Amino acid sequence: AKTLVTSCPICYKSFREDYDLNLKIMHHSEFIPDLISKKKLDIAFTDYKIVYHDPCELGRGSGICDQPRELLKAFTEVLSIDNEKTDSLCCGGSLGNLSIDPEERIRIQKATTGVLNTPDPDYIATSCPLCRKSIGQYSEKPVRDIAELVASNLVSDRTSIKVKNQA
């Protein structure tokens, strides 16, 4: 193997900073656009609107803010909100927040989810499994990982691939 790809921002940061691996370490928000540019994936444009949530460890922790948005903009409209990129709100579900009281975690989850739902998107997108789960618990809109949104819009010779509708 020459490349290690992870969908978890905490794992991405740990592998990149804490391990001495002779591998290229990539988050899937960096890897998927590479596949598209090399014509290994073909995505159909959609008319839905998406709000993107920046995971703490990916945005503030690793400086990856623009890549997920550019990926989404390749096939859909991305709505802006006040709290994004390095000013993004925490989802409340990070493993780094285990010392926070459970009621406080729920308050954070609900507040962040409310902000993300404000512009009335068709979907809320993120690029962290913990954020997807935390925001999805309280969102009135479907929450999807960027990879799920890409997969659901792949152009195929057979049929369009659909991602199972999960809350």
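The values are calculated or read from the model by the stated rules, or taken from the named source; none is laboratory data. Predicted model, so just to flag it, every value in this text is computed and none were measured. We place every Cβ from the backbone using ideal geometry, glycine too, and count neighbours over all the protein chains shown. Just the protein is used for accessible areas: all its heavy atoms, side chains included, with ligands, DNA and RNA removed. Shrake-Rupley method; radii C 1.70, N 1.55, O 1.52, S 1.80 Å.
Structural remarks
- Filter pass, Ile81 being in contact (Cβ under 8 Å) with a residue 40 or more places away in the chain and outside any strand (DSSP E or B): no
- Subset of the range 129-145 [touching a helix residue (DSSP H, G or I) at 6+ places or on another chain (Cβ under 8 Å), open to solvent by less than 40 Å² (accessible area, probe 1.4 Å) and under 19 Å from Ser7 (Cα atoms)]: Ser134, Ile135, Val143, Arg144, Asp145
- Neighbours by Cβ (under 7 Å, 6+ apart or cross-chain): first from the range 4-31, free of Cβ contacts under 8 Å to residues at least 12 places away in the same chain; second of a type outside the set (S, T, N, Q) and open to solvent by less than 50 Å² (accessible area, probe 1.4 Å): Phe15/Leu4; Phe15/Ile25
- Residue that is surrounded by the most Cβ atoms within 10 Å (Cβ to Cβ), among those in the range 52-90 that are in contact with a Pro (Cβ under 6 Å, 6 or more places away or on another chain) and closer than 22 Å to Phe15 by Cα: Pro55
- Condition check for Ile64: under 15 Å from the mean Cα position of the chain (by Cα) and in a helix (DSSP H, G or I): no
- Residues of the range 108-128 classified as farther than 21 Å from Asp34 by Cα and either of a type outside the set (A, V, I, L, M) or crowded, with 21+ Cβ neighbours inside 10 Å (or both), total: 14
- Residue within the range 101-109 that is in contact (Cβ under 8 Å) with a residue 24 or more places away in the chain and within 17 Å of the chain's Cα centre (by Cα) present: yes
- For Tyr48, the conditions (1) modelled with pLDDT under 95; (2) within 15 Å of Glu148 (Cα to Cα); (3) touching a Pro at 6+ places or on another chain (Cβ under 7 Å) are fulfilled apart from (3).
- Close contacts from the range 114-138, counting a first residue that is at pLDDT 95 or above and a second that is open to solvent by 20 Å² or more (accessible area, probe 1.4 Å) and of a type in the set (Lys, Arg), with Cβ to Cβ under 6 Å and a gap of 6+ residues or different chains, come to Asn117/Lys141; Pro121/Lys49; Pro121/Lys141; Asp122/Lys49; Ile124/Lys141; Thr126/Arg132; Tyr138/Lys110.
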